[in-house]
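The values are calculated or read from the model by the stated rules, or taken from the named source; none is laboratory data. Keep in mind that this is a model prediction, so the values were computed, not measured. Don't worry about glycine lacking a Cβ; one is built from the backbone with ideal geometry, like all the others, and counts go over all protein chains shown. Note: areas computed on protein heavy atoms with side chains; ligands, DNA, RNA excluded. Shrake-Rupley method; radii C 1.70, N 1.55, O 1.52, S 1.80 Å.
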Amino acid sequence: MNGIALLFKFMTRLPIGFEPKFESDSLGKSMKFFPVVGMVMGIILFIFFWLFSHFIYSSMLMAVLLVIIEVVLTGGLHLDGLADTFDGIFSYRSKQKMLEIMKDSRLGTNGGLVLILYFILKVALLYDLDVTFGVPSGIVFLLTPAFARLNSVVNCYAAPYARATGMGKTFVDNTNGISLVIATLLTLIYGFIICKVFILPYILLGIIPVLMILGYIFAKLMTRKIGGVTGDTLGAVVEISEILVIFMIYLCASLFV
């Protein structure tokens, strides 16, 4: 329980009601429950969607507001990782120099560009899903955060940590095959429940294995580029996976709706 509380404390800005005792191993072993953080976020975003739906009728405004709320819930933690990762990887320098650039707190051109493109694409997909296929943003957000966070577990399992020390190292060191199986089962069960409750096609569960394969490829790419994963790349894979999940929901909608 302490590990899960630590996970919420470090990965979100949600109040947990008490100050958990910091234990590095406990935090690291809690990575298998990272999709649960996404489940809670998805439910919170759906509640906001339900409240806003009583007086907001613009699909574009709804999408923008939900995206903003999601950023607030995470404190922009994973977005920072996304920007730092793109600054480093697309600098085309040596591995060590890439790692130094990723650690630099300043935002570079590549990081700024990826954030702009990220928000444009995310809002556009959410808007078009609602307007074209009648899939509300609130329903999409029920699935997206949980599915996307599974890929952080995949990355912790599939690649070594690229630095000698760092917060992300405890997650990598404490994530094994059993952790990945638990995280995958939790995500599948949650996805099944959401599909059943909201009468969604179960084909959406097929997004999970496809996403995991893409996450594994990302982990191997990071290993080739910088020698493994870092806290930044673990954040980046969450945000990239969110876009991929929404895009795959869009594909499912275009094929089956």
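Of all the listed residues (Leu211, Leu205), the sole one being closer than 27 Å to Val123 by Cα, touching a Ser or Thr at 6+ places or on another chain (Cβ under 8 Å) and of a type in the set (A, V, I, L, M) is Leu211.
Results for (1) open to solvent by less than 40 Å² (accessible area, probe 1.4 Å); (2) within 28 Å of Ile116 (Cα to Cα), shown as yes or no for each residue.
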{"site": "Phe22", "(1), (2)": "no, no"}
{"site": "Gly38", "(1), (2)": "yes, yes"}
{"site": "Ser53", "(1), (2)": "no, yes"}
{"site": "Glu70", "(1), (2)": "yes, yes"}
{"site": "Gly75", "(1), (2)": "no, yes"}
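Among the residues of region 120-169, those that are charged (D, E, K, R), assigned to a helix (DSSP H, G or I) and open to solvent by 10 Å² or more (accessible area, probe 1.4 Å) comprise Asp128, Asp130, Lys169. Of all residues in region 183-206, those satisfying the criterion of being surrounded by 17 or more Cβ atoms within 10 Å (Cβ to Cβ) and more than 24 Å from Asp232 (Cα to Cα) are Leu186, Tyr190, Gly191, Ile194, Cys195, Leu200, Leu204, Leu205.
Taken as a whole, the condition of being of a type outside the set (D, E, K, R), without any contact (Cβ under 8 Å) to a residue 40 or more places away in the chain and open to solvent by 10 Å² or more (accessible area, probe 1.4 Å) applies to Gly177.
Among the listed residues Tyr190, Tyr202, identify the single one that is farther than 19 Å from Ala83 by Cα and without any contact (Cβ under 8 Å) to a residue 60 or more places away in the chain. Tyr202 is the lone residue from the list that is farther than 19 Å from Ala83 by Cα and without any contact (Cβ under 8 Å) to a residue 60 or more places away in the chain. Taking the stated definitions as given, is Leu113 in a helix (DSSP H, G or I), open to solvent by 60 Å² or more (accessible area, probe 1.4 Å) and farther than 19 Å from Leu214 by Cβ? Spelling it out, Leu113 is indeed in a helix (DSSP H, G or I), open to solvent by 60 Å² or more (accessible area, probe 1.4 Å) and farther than 19 Å from Leu214 by Cβ. Within region 11-20, being open to solvent by 60 Å² or more (accessible area, probe 1.4 Å) and in contact with a helix residue (DSSP H, G or I) (Cβ under 7 Å, 6 or more places away or on another chain) holds for one residue alone: Arg13. Looking across region 228-243 at every residue that is touching a Leu at 6+ places or on another chain (Cβ under 9 Å) and either without any contact (Cβ under 8 Å) to a residue 24 or more places away in the chain or over 14 Å from Tyr157 (Cα atoms) (or both), the one that is surrounded by the most Cβ atoms within 10 Å (Cβ to Cβ) is identified as Ala236.
Across region 87-107, the qualifying residues are those that are part of a helix (DSSP H, G or I) and of a type in the set (D, E, K, R), and the one among them that is nearest to Thr230 (Cα to Cα) is Lys103.
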